[in-house]
Structure formats: structure tokens, C-alpha cells
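What follows is a set of notes on a single structure, which appears directly below.
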Amino acid sequence: MDKWKLLKKLMKEAQVIIEVVDARDIEGTRLPIAERMAGTNRLLILANKKDLLSEKVKVPRKGMLVSAKTADKDERKELINAILAKNSTRPMRALFIGYPNVGKSSLINMLAHRKAAKVSALAGTTKNVQWVRINEELQVTDYRGMFPDKETRSELVRKGALDVHGDEERYAYKLADDILKNQKLRTWLEGKYDFSLKDAKTSDDVLAAIAKRRNWYIKGGELNISEAAKSLLRIMREAPEI
């Protein structure tokens with residue numbers, strides 16, 4: 001079945017639709033098609049990964065800023081109450097939707113206070129539908145990661161929504177070039193690797209600096225750029241912006 005038709009079918013089983021977006025790129029990780037399918041009355045937008053932000057962001061009117069990683073019991077309670085406030089049906093069913101790797105499963109685990117949903121650093125981990133009981137009033141589930149059909153592979157990699165295992169170098173060069181053009185990311189990356197990019201002019205220079213800092217070499221004494229590319233893609237999941 002078409003992914004959007006299947007989503008629409010699953011939406012009929014839920015009273016509330018929770019769209020999880022990346023707090024570092026809220027507008028860039030929204031799903032307009034899914035929002036229209038859900039309707040405004042039962043839609044709640046959660047901007048996850050606020051712990052990665054270096055400054056305040058503007059959250060959509062029907063949204064909340066959250067962090068599945070750092071939320072305490074009060075924030076967990078606040079989120080549960082916000083979901084329940086969207087509909088009077090009890091027990092309520094809430095469906096989590098969003099791009100791959102925005103933290104849908106992590107948020108469900110935070111709400112459930114246990115590892116109820118499978119979590120992975122790889123995009124596209126959720127395969128099957130599983131309803132998770134949060135309490136007597138609330139059940140939740142998440143649908144597989146979705147993104148607009150027009151999205152390019154480069155954009156999906158930048159947003160962490162695509163697993164490019166075996167093809168890291170191709171996308172790492174683009175990311176490195178973007179970092180050189182963005183002083184905030186450049187400074188952040190220098191702090192993460194504890195090195196200086198003062199003399200870096202090209203993406204090759206960035207990857208070479210990473211390989212040198214990590215002491216990654218291959219036979220013949222050449223820098224292991226492939227390993228540096230993998231490292232850059234991994235570490236960019238923690239960047240203050242994407």
C-alpha cells in the first residue's frame with residue numbers, strides 16, 4: 001500500500017496526531033501533506049532535540065519545544081497533559097509522525113518511562129506499528145519516518161533522515177563545505193574535535209584535519225578520509241543547527 005494511504009488509514013485509529021520535528025530546522029522537517037490529513041484540531045507539533053539548540057527558536061502556534069534526551073518528570077507530565085488536552089476520548093490514542101531520526105521512538109520511550117519503542121541512530125528504524133500504553137488514559141504509537149517525495153538525497157542527509165552507509169564520503173564533502181561557510185558550525189566543530197580550522201579553505205581540508213586529529217591513516221601513511229567522513233556524519237547529529 002502507498003505510504004501516504006497507509007498513514008491515512010492509521011490516522012483514522014488515532015484521536016490525536018503528534019508531528020515530531022527537529023528543533024534545529026522546524027520548518028524544514030514539517031510534513032505539510034500529513035498536517036492537512038490530520039487537520040488542525042487534533043494536531044500537536046513537538047519540536048524535539050531542544051538540548052542541541054544554542055539559542056531560542058520560534059515554535060509553531062500549535063507546538064511545544066521538547067527534548068526526549070533531557071526531559072525530567074515535570075516535563076514528561078506536561079507533555080502527557082498537553083496530548084490529553086487535545087481530545088476528550090479516553091483511553092486516547094495518539095499517533096507520532098515525522099521525518100526519520102527526529103526522535104519519535106525516543107519520545108515514546110520517555111513518555112512510557114521505559115524502552116517500549118525501538119531506537120537507533122540509523123534513520124528508518126521503525127518498521128511495524130505497535131501501540132504503547134503510557135497510562136490508563138493514553139496509548140501511543142509511531143509510524144515509519146516520512147518525508148516529501150520531492151526531497152533531495154543531500155537534504156535528507158543534512159537532516160539526518162537518510163542512512164548513507166557505504167557512501168559517506170559523497171555527502172561528507174558537501175557538509176564540510178557548508179560548515180566552512182557557517183561560522184557557528186565551524187566554531188562548534190572545532191570544539192567537538194578540539195582542533196583549529198583556521199587554515200581550512202576546502203572540504204578536503206576539513207576532512208583531512210579530522211583524520212589527522214583522530215590519527216586515522218591507511219597503508220602508505222595516507223590519511224583515512226573515508227573514516228573521517230563517517231565521523232563527520234555521525235557528529236553532525238549533535239550540531240546546534242542543520
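Just so it is clear, none of the values below were taken in a lab; they were calculated from the coordinates. Values in this document were obtained by computation on a predicted structure and should not be read as measured data. We place every Cβ from the backbone using ideal geometry, glycine too, and count neighbours over all the protein chains shown.
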List the aspartates and glutamates whose alpha-carbon lies under 14 Å from that of K201, not counting same-chain residues fewer than 8 positions away? D177, D178
Counting only C-alpha contacts under 8 Å and six or more residues apart, can you give the relative contact order of the stretch 3-142 as a whole percent? 26 percent
Rounded to the nearest 10, the angle in degrees between the Cα long axis of helix 73-84 and the longest principal axis of the Cα atoms of the chain comes to 50 degrees
So what is the relative contact order for the chain, in percent, with contacts set as C-alpha pairs under 8 Å and at least six apart? 17 percent
Starting with the highest mean, order 10-17, 193-200 by the number of other Cβ atoms within 10 Å, averaged over the residues of each peptide. 10-17, 193-200
Lys and Arg at +1, Asp and Glu at -1: neighbours of N135 with Cβ under 12 Å from its Cβ sum to +2
Residue pairs, from the table K3/K230; K9/K115; K8/K159; K3/K192, whose Cα atoms sit over 28 Å apart: K3/K230; K3/K192
Per-residue counts of other Cβ atoms within 10 Å, averaged by peptide: what ranking do you get for 18-28, 224-234, 71-81, highest first? 18-28, 224-234, 71-81
If the cut-off is 16 Å between C-alpha atoms, which aspartates and glutamates fall inside it for K184, apart from same-chain ones fewer than 8 positions away? D25, E55, D194, E238, E241
For the chain, what does the helix formula give at 222 nm: sum of -39500 (n - 2.57) over DSSP H segments with n ≥ 4, over the residue count, nearest 500 deg cm²/dmol? -11000 deg cm²/dmol
In vacuo Debye sum over C-alpha of the stretch 42-194, base-10 log of normalised intensity I(q)/I(0) at q = 0.18 Å⁻¹, listed in q order, is -1.20
For the chain, what is the percent of antiparallel DSSP beta bridges, rounded to the nearest 5? 15 percent
Which percent, to the nearest 5, of DSSP beta bridges fully inside the stretch 3-142 are antiparallel? 10 percent
The relative contact order of the stretch 164-238, taking Cα pairs under 8 Å that sit 6 or more residues apart, comes to a percentage of 34 percent
